[in-house]
Amino acid sequence: MWPFGKRLGSFRQNQDGGVAIIVAAASFLMVVLAALAVDLGSMVLKARDVQGAADLASLAAARDLPRAQQAALATARANLGNQVTVQTTVGVYVGNPAVAPKARFTAGGTQPNAARVVINDRAQLYFAKIFGFDSAPITRQSTAALPGSKPSALFSIGSRLLRLNRGLLNSVLSSLLGSNVSLNVMDYNRLVGADVNLLEFADALAVKLNIEAGDYDALLKHNVTTGQMLEILQAIADDSDKAVLGSLTGARLNVPIKVGDILGVDANARDGLRRALNVDISALELLMAGLETANGNRQLALNGDLNAILADVKIKVAIGEKPNNSAWITVSSGQTPVISTAQTRIYVQAKTKNLVPELLAADLQVFAEVASAEAKIVDIRCSATNRVDVDARPGLLRLTVGNVTNPGDLDNFKRPIDTEELVLAEVLLLPLKVYANVESKDRTWQRLQFGANDIANHTPKTVKAKEITSSLINNLSSQLKIRFLGLQLDWIVKLLSPLLVPLGYILDMILNPLLGLLGIGLGEADVRVLGVNCPGGVGGIPYLVG
């Protein structure tokens, strides 16, 4: 025993070969770590592939909810192979920030709008085979939803562009742009018929403002200038329309406006904004909406191009702010918001030309005040043939033939416009005075029903005030009061008919189109439903939510 103990002690004291032992031990450890890294890397890469396949599978399932399992399985196998197992759950997703993300998806529901997909696969192992492990399980899940947990619709109020005359459009555009606009008939027809995709416009606007594509909440909060709007419209328009849009320039193109004042969306419809905006609208309508919103002084003085054969006409227009910050075009799930046109005041002075010596030359003043027309969605029915019910009512209307005593307050909508008797003409140097005032008191909601064809074709429907008919002069003449030499001479209206008829023609041909350009009518309101976004079903543009 003693010789062995002596040799053992000698071995402990001998330091030769120590490095070799450490290197051998470290090498073994490095090989183990390398093997672990290779196997872990294989699992990480596989997990990434499985997650990507789960995302694609959930999007496919949400796009075709009635066949969600088949769609998800086909997508998963196309990306990972036939060995995977796929479990698909259809349910309802509500994008409520107040709810924890994991609790926003609920399985089942009568109107599902989302699908959750769980994929099980295995990652191949290499060095772990030494210990009998050929592969490791990988499980990933993904949830995708169609926009909106409630049905929503895109609708607008106003727009009568096809009823305009070219000269009036030139005058209004010149005032809004602060430049001289002279469109010919072909140019005008191109602008009226030019359609742009609202979704494409919104995405291009986001790029212009350096906003992440698809972040529509951020987009609606940003400001854009009317010049930037015009640039984007020109960029996405057809080649035949680019030149016309490019010819519109002016000093007021640098005025900023909030995007949300043009495109609106209620709280319950935000998830459906991308899908809802995928509609075509008139480029001229969109441009006019931006220019009217940006019109800081709220008043237009139209130029002398409106002279007609039978009368010289001067027009001043004041555009009020839209109440409740109403947007021009809005996505809504019902009842709110109430969208509105802007309150408008128009002052017209028409002086007849004495073409026939037997006729008196008259100086007629007409004041028109139209309060905001309103509309709201009351019901959205999703079925094989979608239907949207809208309640609308025209704005209160006041039409006056008389002298405006405070024309300086035309653009001050907090102050009423006062009128009095007007000297229409002089007969033997004696004044012939007239006065008429017509008001519409119709403020009841009227129901408009839009079927699938109406929605697909963007067919406008008109609600009319029951107290006002379409002819301006017919209404005014029925209440026209005429005084001559201090006497009330209502019977003289018949004698003045040859004088009033041409004036009525001129006023009807100017006031109706002018109000139409501003999105309203004389005691009327036009409403259109541009699209419907229904949860569930087949189609749509789903997005990942978890």
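The values are calculated or read from the model by the stated rules, or taken from the named source; none is laboratory data. What you see is a predicted model; the values in this text were computed from it and never measured. With ideal geometry, Cβ positions are generated from the backbone for all residues, glycine too; neighbour counts draw on all protein chains shown. We work out accessible area using only protein heavy atoms, side chains counted, and drop any ligands, DNA or RNA first. Shrake-Rupley method; radii C 1.70, N 1.55, O 1.52, S 1.80 Å.
With a 1.4 Å probe and all protein chains kept in place, how do R447, R252, R48, R104 rank by accessible area, largest first?
From most exposed to least exposed: R48, R447, R252, R104.
Taking a label point 7 Å from the Cα of Q83 along the Cα→Cβ vector, which residues of the range 36-69 have an amide N closer than 18 Å to it?
Under cut-off, by backbone N: 39-54.
Note down the accessible area of R116, probe 1.4 Å, to the nearest 10 Å².
60 Å²
Once you place label points 7 Å from the Cα toward the Cβ at A243 and T462, how far apart are they in nm?
Calculated label separation equals 3.5 nm.
Provide the gained length on full extension for the span A136 to R48, in nm with one decimal, where the gain is 0.36 nm per separating residue minus the Cα-Cα distance.
30.3 nm
7 Å from Cα along Cα→Cβ at both D312 and Y126: what's the point-to-point distance in nm?
Here the answer is 9.4 nm between the modelled labels.
What is the calculated FRET efficiency for T106 to K351, with r their C-beta to C-beta distance and R₀ = 60 Å, to the nearest 0.05?
According to the calculation, E is roughly 0.30.
Do the alpha carbons of any pairs in K322/K376; K258/K322; K376/K464; K376/K461; K351/K433; K316/K376 sit beyond 24 Å of each other, and which pairs?
From the list (K322/K376; K258/K322; K376/K464; K376/K461; K351/K433; K316/K376), the Cα-Cα distance tops 24 Å for K316/K376.
How far is it, in nm, from the label point at V207 to the one at Q69 when both lie 7 Å from their Cα along the line to the Cβ?
With each label placed 7 Å out from Cα toward Cβ, I get 4.3 nm.
By the gyration tensor of its Cα atoms, with a ≥ b ≥ c the square roots of the eigenvalues, what is the shape of the range 55-131: rounded for a/c under 1.5, prolate for a/b over b/c, or oblate?
Because a/c hits 1.5 or more and a/b fails to exceed b/c, the range 55-131 counts as oblate.
Tell me, in nm to one decimal, what length is gained between L40 and V99 on full extension, where the rule is 0.36 nm per residue of separation less the Cα-Cα distance? Working shown, then result.
Numbers: separation 59, 0.36 × 59 = 21.24 nm, distance 3.53 nm.
Stretched fully, the L40-V99 segment lengthens by 17.7 nm.
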